[in-house]
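Data block below; observations after.
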Amino acid sequence: MATIRLGEVMSRILMALGAAVLAMTAPAAAQTQLETRVEGLEYPWSLAFLPDGRMLVTEKPGRLRIVGPDGLAAEPVSGVPDVLHSGQGGLLEVALHPEFETNRWVYLTWSEGTPRNNTLHLGRGRLEDGALRDFRSLFEAQPRRRTDVHYGGRIAFLADNSLLLGIGEGFDFREQAQDPASHFGTFVHLNADGAPLGEAFEDAAPGVHSIGHRNPQAVVRDPATGIVYANEHGPQGGDEINILREGANYGWPIASHGIDYTGALVTPFETYPGMADPIHVWVPSIAPAGMAIYRGDMFAEWDGDLLVAALIRGDADVPSGHVRRVDLEGGAVAGEEVLFGELEARIRDVRVGPDGAIWLLTDAENGRLVRVSRD
């Protein structure tokens, strides 16, 4: 018989109480409109909003697509690097430099190499006339890996236009997540040109900002508070939301709320002295993916809350794929709500558009771009 630990029981109780409170205050479903804007995207992973109203969307097999008012442009953007599309690898993040309107820099992350010899890259090029000009790799995670899973790959720009990049521990190398001399299981802090900035750990790999991460799936900076939030996959259970701080150790694999896929304990510790605890944990897993912090007027009652894309259901009575609205009060989690389960799809990314509408990417061979609004 499986053993349920006290932390798991308390997590489920708190989740149920939070959901009950939010259910009493949630807006009526009839107020929300879900409109599929684009179909036929092949495993889309990330999206970014261009100043002219168009969007950029990555497809994992290695294509960067432009979405305009009339839908999907026929030809992908040229100048994109060759990628390793294997396992969880491929073309991953797309993001614009904060001064894109003057410098035209578009940033991408991707896996490069072979299934048994590969790594994560960050690079950039100038978007001009449907092409990325002068594209080059700015950063290459070290050491290389023999696995094609747990890449991380999300980025967030900070107020000074530097950026944070999350890097997974490659599954087979989890012990290295405690070694700052490796990029496995870290966030790195880089200048916009890729130069390393992280200096929190002695004898660390270039740029290491924090350690002890398993498989980071999102990182966002709240423009109103400056707080940086990140989420990551636990093993079987134990998905986390953390507040990122330079020099912090987030525990993996010494501390975790999850268990191994075999059912064995990864560790007996859910918390450990000197290591940062998550602000929220999901047991069972929801497989969090992209994440956004809502700032806008269209869903004003959600202002300041986190929207977390979920790839799987978590609890048996929750839709298989959905978005979790995580209610933040003073930087702490006050509850959560399940949203948009009627799509019946794995949600890979969630973003807040310039007008306050919410945009979703579904994770499928025939993936969709969906706009959520109250027009």
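Can you compute the helix-only [θ] at 222 nm over the chain? Use -39500 (n - 2.57) per DSSP H run of at least 4 residues, normalise by all residues, nearest 500 deg cm²/dmol.
-2000 deg cm²/dmol
Return the sequence-ordered ³J(HN,Hα) values of the range 98-103 in whole Hz as given by the Karplus equation 6.51 cos²θ - 1.76 cosθ + 1.60 applied to θ = phi - 60°, using x for Gly and Pro.
x, 10, 4, 4, 9, 9
So with the 1.4 Å probe, I'd like the accessible area per residue for the chain, rounded to whole Å².
In whole numbers, the chain has 41 Å² accessible per residue.
Ranked highest first by the average count of other Cβ atoms within 10 Å around their residues, in what order do 304-315, 326-337 fall?
Values: 304-315: 22.2, 326-337: 16.7.
So the peptides 304-315, 326-337, ranked by packing, come out 304-315, 326-337.
Mean projection of the alpha-carbon convex hull of the chain over all orientations, in nm²? Mind dumping the intermediate values first?
On the way: hull surface 70.9 nm².
The number I arrive at for the chain is 17.7 nm².
How would ASP222, ASP129, ASP172 rank on accessible area, largest to smallest, probe 1.4 Å?
Values: ASP222 5, ASP129 145, ASP172 75 Å².
Greatest to least solvent exposure: ASP129, ASP172, ASP222.
With just the Cα atoms defining each centre, how far is the range 266-305 from the range 218-255? Give it in Å.
7
Working with all protein chains in place, sort GLU99, GLU59, GLU344, GLU270 by solvent-accessible area computed with a 1.4 Å probe, largest first.
Heavy-atom accessible area, descending, gives GLU344, GLU99, GLU270, GLU59.
If the viscosity is 1.567 mPa s and the temperature 4 °C, what Stokes-Einstein diffusion coefficient in µm²/s follows for the range 93-183 when Rh is the Kirkwood radius over Cα pairs?
It diffuses with D of about 91 µm²/s by this estimate.
If you roll a 1.4 angstrom probe over the protein chains with everything in place, what fraction of the accessible area of the chain belongs to carbon and sulfur, to the nearest %? List each step's numbers first, then the result.
Values: 7650 of 15270 Å².
Solvent-exposed carbon and sulfur of the chain make up 50 percent of the total.
When Rg is the radius of gyration of the Cα atoms in the range 30-114 and Rh is its Kirkwood radius, what does Rg/Rh come to?
Answer for the range 30-114: 1.01.
The values are calculated or read from the model by the stated rules, or taken from the named source; none is laboratory data. What you see is a predicted model, and the numbers here were worked out from it, not measured in a lab. Using ideal geometry, Cβ is built from the backbone for each residue, glycine included, and neighbour counts are taken over all protein chains shown. Side chains are part of the model used for accessible areas, which takes the heavy atoms of the whole protein and leaves out ligands, DNA and RNA. Shrake-Rupley method; radii C 1.70, N 1.55, O 1.52, S 1.80 Å.
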